[in-house]
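Everything below concerns the one structure shown next.
The values are calculated or read from the model by the stated rules, or taken from the named source; none is laboratory data. Fair warning: this is a prediction, and the values are worked out from it, not measured in the lab. Every residue, glycine as well, gets a Cβ built from its backbone with ideal geometry; the counts of neighbours run over all protein chains shown.
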Amino acid sequence: MTTIPSPPRSSAAPGQVPLRPMPGAGAESTLPRTVAELAAEPRRSPFPIRTVLLGLAGMALLAAGSIGGGATLIHDPLLANGPLNWIRYGHGMMLATWTLYMGLGLVIWAWIRLGRHARAGRVGATTMVRIVLIWILPLLFGPPLFSKDVYSYLSQGALALHGLNPYAVGPAALPSPLSENVSWVWQNTPAPYGPLFVLLAKAVVSLTGVNLITGVIGMRLVMTVGLGLLCWALPALCRHLGGNTTVSLWLVAANPLLLVHLVGGAHNDMLMIGLLATGVALALDRRFVAGFALVALAVAVKATAAVALPFLVWLWADTMAGSWYFRLVKAVGAALAVFAAVLALCSVVAGVDLGWILALRGSSTVLNWLSLPSGLGQAVWGLVWLVTGFPDVGPFVAVTRTMGLLLLAYVAVRQWWLARNGGTDAIRRAAITMLAVGLLAPATMPWYFSWALVLAAGFAWSTGCLTAVACGSVWMLLVTYPDGSTALYDWWCLLATLGVSALAAVSLHKPDPLNVSLRTISDSAEPALRSPLVPKRW
C-alpha cells in the first residue's frame, strides 16, 4: 500500500509559512511571515494589454466614425471634394454613425474591465495614467464629438484677436469659417467664460487662423493640460481624503464621460476641473496661496469653480490663531486678496473686462430636464397644456427655475455652515454643493456632473456607490447624439441607454452577468487573500 508522505515539520507558528532564504539575501529574509502579510504586499501584475487594446480600438472607431457621424463641418476642407465625401451623407453617414457607436460600446466595455482590475489591485496608479494617455490619442485628431461648443470657443478667440469684445457680441459679429459652424443658438450670445479661457482661445486662433481642423486640435491640446493636472491631483486628494488612488483615477481620469465629452468634445470643463482639483490638493497640503491662486485660475476659465472657494476658506481659517471670528475674517480677507489679484491679472493680460459675469445669463437658453427645475417647469406646462392649450412654456420654466435657485442658495449656505470645522468634511460638503449646482442650476449638460465627481473622487467609495456612479456615467455619456443634439426627449433611446448603463454597472462586479460567455470567467473584483505559496485548487 502506497503511503502519502507527511509534510516536513517546521517550528513556524500556525498560520505562518517559512520562506527559503534568497541567494545573497540577509538573515532577515528567513523570518516567517503570515499569509495576511503576504497578501498585503503589492502585487506586480502584467500590463492589462487586452483591456488597453480594447479601449484603444474603441477610441479609434470613435474617431473614425466621427468623420461622418460627429459634429462635422459645414464646409469640410478634407472631405468636400475628396473621395470620402460620401461618408457625410445618406448610407455613408449611417455607416459612420454605427461605427461610432460600436467604438463607444468597446470603450465602455474596456472601462468596466479596467475598473475590475483597479478594484482588485491588479493595476497601479502609474499604469492607470499610462492607459489614459494611450486611450486619448485617437480622440485628439478626429472631429468634435457630441458637441459643437469648440467652434464657439474658436469664434470667441477670433473676436478677441480682432479687437472685438467677446463679452459684448456673439460669433455672428465676425463672419468667417469659424462662426459659420457655431450652433444657431449661440450665434449672437456673448462668451460666458472667464478671461483666462478667452486668452487661451485667442492664442490658439492666432496660431491656427481660420483652419478649423488645426484649431480643434489646438483646443484639445489645451484641454489635455487639464487632464494632466487632474492625474497629478487625484493621488494627492486620495492621500488626504482616504481613497484608493487607482480607483480614483479609474473613476475620473479614465471615465468615458470625461474622455469622450471633455477631450473628444473639447469642452473647457476639462481645464476647469484640472485646475480646481490641483488647487484643492494644494490647499489640503496647506499651500493656501498657491491653492487659491489655482482655483482662481479655474474660475477664470469657467465660473462654476467659484463654488469651492468658500469651503476652502474654512481649511485656511483652521490653521490660523485667534478666536473663531478673527480666524474666519482673516482667512476670507486673504482668500479674496489672492482671488482678486489672479483674476485682475488674467483680465489685464487678456485685455477684457468683467462682462463675462453678466454673460452667464445666456446659458439659460439651454432647456432640458437634466436641470430639475427646468424639467419640473416643462412637466407642469405639459399638464396645463392638456387642459387649456396654453402654448408658452416660458412662464412655467421661469417660475420653477427661480424656485430652484432659491433652493440651491439654501443648500449652498447650509453646507458651507456645516463645513465650519474644516478638515476633509469641507471637501465633502463642497462636492455635495457642486452636485446641487448640477441638479438645480437653470441649465445642465450631462458632463456637468463631472464637477462634483472630481471633488468626491478622493474619498473611499463603497461597491454600491461605485456601481451607481458607473451606471450614471455611462448613461450621461449616451444621452447626447454624436452631432451634439440631445436624446433626452427620445424615450425609446433613453430606455435603451438605461439598459446598457445598468448592464455596464452590474458588470463592474460580475464579469458575465448575462452568462453568454462560452468559457468560465474568473475576474473577481476583490483581491485574492491566498498566499502565493499555497497550491491552487483545481
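Could you please give the count of residues in segment 274-327 that are more than 16 Å from LEU241 (Cβ to Cβ) and either assigned to a helix (DSSP H, G or I) or within 20 Å of the chain's Cα centre (by Cα) (or both)? Break it down stepwise before answering.
Keep residues of segment 274-327 that are more than 16 Å from LEU241 (Cβ to Cβ), which gives 274-275, 287-290, 292-307, 309-310, 313, 316-317, 319-327.
Cutting the leftovers down to either assigned to a helix (DSSP H, G or I) or within 20 Å of the chain's Cα centre (by Cα) (or both) gives us 274-275, 288-290, 292-307, 309-310, 313, 316-317, 324-327.
Selection size over segment 274-327: 30.
All told, ALA335 falls short of being touching a Ser or Thr at 6+ places or on another chain (Cβ under 9 Å), of a type in the set (A, V, I, L, M) and part of a helix (DSSP H, G or I). Given the criteria under 30 Å from GLU180 (Cα atoms) and either surrounded by fewer than 22 Cβ atoms within 10 Å (Cβ to Cβ) or at pLDDT 95 or above (or both), does THR208 qualify? When the stated conditions are applied, THR208 passes them. In segment 351-376, of all residues being within 27 Å of the chain's Cα centre (by Cα) and among the small types (Gly, Ala, Ser), the one that is farthest from ALA203 (Cα to Cα) corresponds to GLY375.
What tally of residues in segment 415-438 results from selecting those that are β-branched (Val, Ile, Thr) and more than 21 Å from PHE449 (Cβ to Cβ)? Give the derivation first.
At the first step, the residues of segment 415-438 found to be β-branched (Val, Ile, Thr) are 424, 427, 432-433, 437.
Subsequent filtering for residues that are more than 21 Å from PHE449 (Cβ to Cβ) retains 424.
Residues meeting the conditions: 1.
Cβ-Cβ contacts under 9 Å between residues 6 or more apart (or on different chains), taken from a first residue in segment 382-397 that is without any contact (Cβ under 8 Å) to a residue 60 or more places away in the chain to a second residue that is surrounded by fewer than 10 Cβ atoms within 10 Å (Cβ to Cβ), are listed as TRP385/PRO391.
Of all the criteria given as (1) hydrophobic (A, V, I, L, M, F, W, C); (2) touching a Ser or Thr at 6+ places or on another chain (Cβ under 7 Å); (3) at pLDDT below 90; (4) farther than 18 Å from THR480 by Cα, the one not satisfied by ALA125 is (3).
Could you grab me the full set of residues in segment 440-489 that are assigned to a helix (DSSP H, G or I), buried (at least 17 other Cβ atoms within 10 Å of the Cβ) and more than 16 Å from the chain's Cα centre (by Cα)? Talk me through it step by step, then tell me what you get.
Restricting attention to segment 440-489, the residues satisfying the condition of being assigned to a helix (DSSP H, G or I) are 440, 446-456, 463-478.
After this cut, where a residue has to be buried (at least 17 other Cβ atoms within 10 Å of the Cβ) as well, the list is 440, 446-456, 466-467, 469-471, 473-478.
Of everything in segment 440-489, those that are assigned to a helix (DSSP H, G or I), buried (at least 17 other Cβ atoms within 10 Å of the Cβ) and more than 16 Å from the chain's Cα centre (by Cα) turn out to be LEU440, THR467.
Within segment 373-399, being buried (at least 18 other Cβ atoms within 10 Å of the Cβ) and in contact with a helix residue (DSSP H, G or I) (Cβ under 6 Å, 6 or more places away or on another chain) holds for PRO373, SER374, LEU376, GLY377, TRP381, PHE396, VAL397. Taking each residue of segment 84-111 that is within 28 Å of ALA253 (Cβ to Cβ) and of a type in the set (A, V, I, L, M) and looking for partners that are surrounded by fewer than 23 Cβ atoms within 10 Å (Cβ to Cβ) and at pLDDT 80 or above with beta-carbon atoms closer than 6 Å, six or more apart or interchain, yields MET102/LEU61; LEU106/LEU54; LEU106/ALA57; ALA110/THR51; ALA110/LEU54. Close Cβ contacts (under 9 Å, 6 or more residues apart or on different chains) running from residues in segment 499-513 that are farther than 13 Å from SER473 by Cβ and at pLDDT below 95 to residues that are surrounded by fewer than 15 Cβ atoms within 10 Å (Cβ to Cβ) and charged (D, E, K, R) comprise HIS509/GLU526; PRO511/ASP523; ASP512/ASP523.
So, THR51, is that one modelled with pLDDT of 70 or more, among the β-branched types (Val, Ile, Thr) and either touching a Phe, Trp or Tyr at 6+ places or on another chain (Cβ under 6 Å) or surrounded by fewer than 19 Cβ atoms within 10 Å (Cβ to Cβ) (or both) or not? Steps first, please.
Details: modelled with pLDDT of 70 or more: yes; among the β-branched types (Val, Ile, Thr): yes; either touching a Phe, Trp or Tyr at 6+ places or on another chain (Cβ under 6 Å) or surrounded by fewer than 19 Cβ atoms within 10 Å (Cβ to Cβ) (or both): no.
Here the answer is no, as THR51 does not meet what is asked.
Only a single item in (1) of a type in the set (D, E, K, R); (2) part of a helix (DSSP H, G or I); (3) under 26 Å from GLY163 (Cβ atoms) is not met by LYS330, and it is number (3).
Within the set of pairs 6+ apart or on separate chains, which have a first residue in segment 318-332 that is closer than 18 Å to PHE288 by Cα, a second that is surrounded by 11 or more Cβ atoms within 10 Å (Cβ to Cβ) and hydrophobic (A, V, I, L, M, F, W, C), and C-beta atoms under 6 Å apart? Matching pairs, first to second residue: ARG327/ALA317; ARG327/MET320; LEU328/ALA317; LYS330/MET320; ALA331/VAL313; ALA331/TRP316; ALA331/ALA317; VAL332/VAL313.
Checked against (1) buried (at least 21 other Cβ atoms within 10 Å of the Cβ); (2) modelled with pLDDT under 90; (3) not charged (D, E, K, R), GLY82 passes all but condition (1).
Within segment 169-189, the only residue that satisfies the criterion of being assigned to a helix (DSSP H, G or I), crowded, with 16+ Cβ neighbours inside 10 Å, more than 25 Å from the chain's Cα centre (by Cα) and among the hydrophobic types (A, V, I, L, M, F, W, C) is ALA173.
The helices (runs of 4 or more DSSP H) found wholly in segment 67-168 and carrying at least 3 residues that are under 23 Å from VAL500 (Cβ atoms) occupy 90-120, 125-136.
In this structure, is LEU159 under 30 Å from LEU54 (Cβ atoms) and either free of Cβ contacts under 8 Å to residues at least 40 places away in the same chain or among the β-branched types (Val, Ile, Thr) (or both)? No.
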